[in-house]
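As structure tokens, the structure follows; a few thoughts come after it.
The values are calculated or read from the model by the stated rules, or taken from the named source; none is laboratory data. Since we're looking at a predicted model, the values are computed, not measured. Here the Cβ positions follow ideal geometry from the backbone for every residue, glycine too, while neighbour counts run over all protein chains shown. These accessible areas exclude ligands, DNA and RNA; they are computed on the full protein's heavy atoms, side chains included. Shrake-Rupley method; radii C 1.70, N 1.55, O 1.52, S 1.80 Å.
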Amino acid sequence: NRVEAWTRDVAFLLRQEGRPVVNLIPDKNRRRVMAGDWQNTDRAIAWLRQEAVNSTKPFVLYLGLNLPHPYPSPSSGENFGSSTFQTSLYWLEKVAYDAIKIPEWSPLSEMHPVDYYSSYTKNCTGKFTRKEIKNIRAFYYAMCAETDAMLGEIILALRKLDLLQKTIVIYTSDHGEMAMEHRQFYKMSMYEASVHVPLLIMGPGIKTNLQVPNVVSLVDIYPTMLDIAGIALPQTLSGYSLLALSSEASAHEQTFKIHRPPWILSEFHGCNANASTYMLRTGQWKYIAYSDGASVPPQLFDLSSDPDELTNIATEFSEITYSLDQKLRSIINYPKVSASVHQYNKEQFIMWKQSTGQNYSTVIAHLRWHQDWQKEPGKYEDAIHQWLAAHSSPAAAGYNKTFPGYI
């Protein structure tokens, strides 16, 4: 995947993912579809029963699950890649199928250039029937239900062991799932479906049935855990403890609001997006800047009136766009970061290319983009050579001297 991220500036479009599909296990009794996750859940419960319940000191248990992430497809053909939404009839029957909405899509010709690149590389620019889209979303929700059941097993174990009343449980996710919103699946996007993740906290001293409207970040998890443990927070941390928002001592909430800036920053530099991407979220506004801030148009969404993020109002509300862009630049010099990423991508690609030696042409032709690459391998290799020839760094200069015949 790194190679496809490094080469995103090359002037070609290649599918990097398998077309998203669904796979139903027709078994009304099959509860354990993701066997690996259930095995780890069982291991966590066994540890609680054998170790945590007998410990005289506080414990920390981390359980990471793969669900509801799509499954890797075993096929090497059209559907090759991590693109299969799989569940059993047991979980699918728990989904209110008729209530699932079909997301609205912009015409391909009107998509933002980075969105189009993402949709294309994710193999989503082809035709999808309404049933296909609805099934992908239904299967994703069914996978969420299976994930929820694993959390339920953990909470049940804590209750049975009489640990629940003295254990703080934090549940969150590293990213969301587009599930065909904005003509995409997977992540690598600053749209809400990808970047807005669940965060639930329960335990002693935590208010029950409270939905906190404040925007917070996964960066806040670490200081929150330090706060739970009674450890003083280093002044150098980027995040803030969330206990002030969730604890029963309401006075702390005012302290949080005073110290916590009213914005969230997110950035992405990986595959399936052909520009470094930066998001600044401030309440109702979401501002997304790209690359150097000039070569790719920004996006601005008013989430209070446009929760589906269908209308980019960056030009219409130019004053807000400018204000948010200035704020973003005061937090991070994003044009400078983007330039560093461009440099890094080329230097890393050159190192990787040199490591393949005489096998380069074969290796690069069998990466995830092989379906498109192998139709015109010479064309795509040449595009990469042109990209590297434009490189002005010392590493690239050395590349030219070492492989003069390639440039």
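Measuring r between the beta carbons of Arg31 and Leu163 and using R0 = 25 Å, the FRET efficiency lands at 0.55. The residue list Phe12, Ser173, Tyr71 was ranked by how far each Cα lies along the charge dipole of the chain toward its positive end, using unit charges on Cβ atoms, and Tyr71 comes out on top. If only the Cβ of Lys and Arg carry +1 and only the Cβ of Asp and Glu carry -1, the dipole of the chain around its Cα centre is close to 800 debye. Put simply, the stretch 110-242 fits an ellipsoid with semi-axes of 35, 21, 10 Å; these come from the alpha carbon gyration tensor as the roots of five times its eigenvalues, largest first.
The calculated 222 nm mean residue ellipticity attributable to helices in the chain amounts to -11500 deg cm²/dmol, summing -39500 (n - 2.57) over DSSP H runs of n ≥ 4 and dividing by all residues. Remark: spin-label model distance Tyr97-His259 equals 5.1 nm, labels positioned 7 Å along the Cα→Cβ axis.
The Cα-based radius of gyration of the stretch 254-353, divided by its Kirkwood radius, gives an Rg/Rh of 1.04. Helix 334-356 axis versus longest C-alpha principal axis of the chain: approximately 70°, rounded to the nearest ten. I need the calculated FRET efficiency for the pair Thr282 and Leu13, taking r as the beta carbon distance and R₀ as 30 Å, to the nearest 0.05. About 0.35, to the nearest 0.05. Charges were assigned to the Cβ only: +1 to each Lys and Arg, -1 to each Asp and Glu. The resulting dipole of the stretch 184-330 about its Cα centre is roughly 360 debye.
The calculated pair-distance distribution of the stretch 1-104 uses every alpha carbon pair, bins of 10 angstrom beginning at 0, and gives 11, 26, 28, 21, 12, 2, 0 percent. Stretching the chain fully between Val212 and Ser238 yields a gain of 7.3 nm (0.36 nm per residue, less the alpha carbon separation). The value obtained for the chain, namely the Cα convex hull volume divided by the number of residues, is 185 Å³ per residue. For Lys353, a cut-off of 18 angstrom between C-alpha atoms picks up these lysines, skipping any fewer than 8 places away in its own chain: Lys379, Lys401. Straight-line cross-link partners of Lys187 among the lysines, defined as a Cα under 27 Å from its Cα and at least 8 positions apart when in the same chain: Lys94, Lys101, Lys122, Lys127, Lys131, Lys134, Lys286, Lys327, Lys336, Lys346.
The residue list Ala232, Pro198, Tyr287 was ranked by how far each Cα lies along the charge dipole of the stretch 184-338 toward its positive end, using unit charges on Cβ atoms, and Ala232 comes out on top.
Principal-axis analysis of the Cα atoms of the chain puts helix 130-160 at an angle of about 40° to the longest axis. Computed from point charges on the beta carbon alone (+1 for Lys and Arg, -1 for Asp and Glu), the dipole magnitude for the stretch 149-258 about its Cα centre is near 120 Debye. For Trp369, Trp263, Trp6, the ranking by accessible surface with the largest value first comes to Trp263, Trp6, Trp369, using a 1.4 Å probe. Placing pseudo-labels 7 Å out from each Cα toward the beta carbon at Tyr62 and Asp302 gives an inter-label distance of 4.2 nm.
Using 0.36 nm per residue and subtracting the Cα-Cα separation, the extra length available between Ser173 and Lys127 on full extension is 13.5 nm. Of the residues Gln348, Asn333, Gln386, the one whose Cα sits farthest toward the positive end of the charge dipole of the chain, with +1 on the Cβ of Lys and Arg and -1 on the Cβ of Asp and Glu, is Gln348.
The slack in the chain from Asn359 to Glu316, taken as 0.36 nm per residue of separation less the alpha-carbon distance, amounts to 10.3 nm. Solvent-accessible area of the stretch 184-247 (1.4 angstrom probe, protein heavy atoms only): carbon and sulfur portion equals 58 percent. Heavy-atom accessible surface of the chain, averaged per residue, reaches 53 Å², computed with a 1.4 Å probe.
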